[in-house]
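Shown next, in structure tokens, is the structure this report addresses.
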């Protein structure tokens, strides 16, 4: 069987193309959306949580259509893209009085996992206003945290599914492509970490990261039905040195290549290079992730 293309780690053969052509022919009245659902059912194409991978199937069928390998029915309805048209989080009012002193003086800290709670909007609003990258809605599995002292917000964190391919991380773990496809769900990516700008407490950031390493695996398993064994993040070296991560025993792995190794016309990266840091949560993380 000849491989026509690869899509999200799956090799699509001429036999697969013929199957999709037959599927379309047998259901001439179905929309593109319904056809993608039928394809997922036929191939038992599901996410780790059992949900059909309809978006992936739709992308595959569109790719085959554009390549002239199949003929999809005309588009019946243009659906709005919630990620392109999403409104920015509305501002919230919090206590912005300066907070300074020793870490012991603001203890105990409260960590709230606010994903799917009314307080989720607070994290979005604070990140949008005070983080240099602003707020972007994550896709896939993700958690959001609000850190408080005496009921007052002082920090926010957001964790999400990890990037599929990351050279320094993949070499550090030592997994094959097949193992990465199976086990990437056990890696959590720290996409945002914000200490509110009026909070000046030495060692607070590294303390929060240390606490998160214990809380995150439990909350992730509670919400998504599986743990995480490995944490990772990026830091912009032109802005930050990653000191708080290193103080919390995270490991520096190397640099990104600037969007998957793709370069501009003169060989320069298309985006800024970033430092990659990681934190294994278990001693046997390699054994677990390479299975």
field: Residue count, region 45-82 (criterion: at pLDDT below 75 and either touching a helix residue (DSSP H, G or I) at 6+ places or on another chain (Cβ under 9 Å) or surrounded by 10 or more Cβ atoms within 10 Å (Cβ to Cβ) (or both))
entry: 4
message: The conditions are (1) touching a helix residue (DSSP H, G or I) at 6+ places or on another chain (Cβ under 8 Å); (2) over 27 Å from residue 254 (Cβ atoms); (3) at pLDDT 95 or above; (4) buried (at least 18 other Cβ atoms within 10 Å of the Cβ), and residue 125 fails exactly one of them. Which is it?
response: (1)
- request: Please find, among 162, 179, 205, the residue that is under 19 Å from residue 291 (Cβ atoms) and touching a strand residue (DSSP E or B) at 6+ places or on another chain (Cβ under 6 Å).
  value: 162
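From the list 105, 93, exactly one residue is modelled with pLDDT of 90 or more, more than 30 Å from residue 11 (Cβ to Cβ) and not in a loop (DSSP other than H, G, I, E, B). Which is it?
Working: 93 fails: not in a loop (DSSP other than H, G, I, E, B).
None of the other options fit; the residue is 105.
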- request: Return yes when residue 183 is assigned by TED's automatic domain parsing to the domain that holds residue 255, farther than 27 Å from residue 154 by Cβ and surrounded by 15 or more Cβ atoms within 10 Å (Cβ to Cβ) and no when it is not.
  value: yes
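The values are calculated or read from the model by the stated rules, or taken from the named source; none is laboratory data. Note that the structure is predicted; figures quoted are calculated from it, not measured. When we count neighbours, we look across all protein chains shown, and the Cβ atoms used for this are built from the backbone with ideal geometry, even at glycine.
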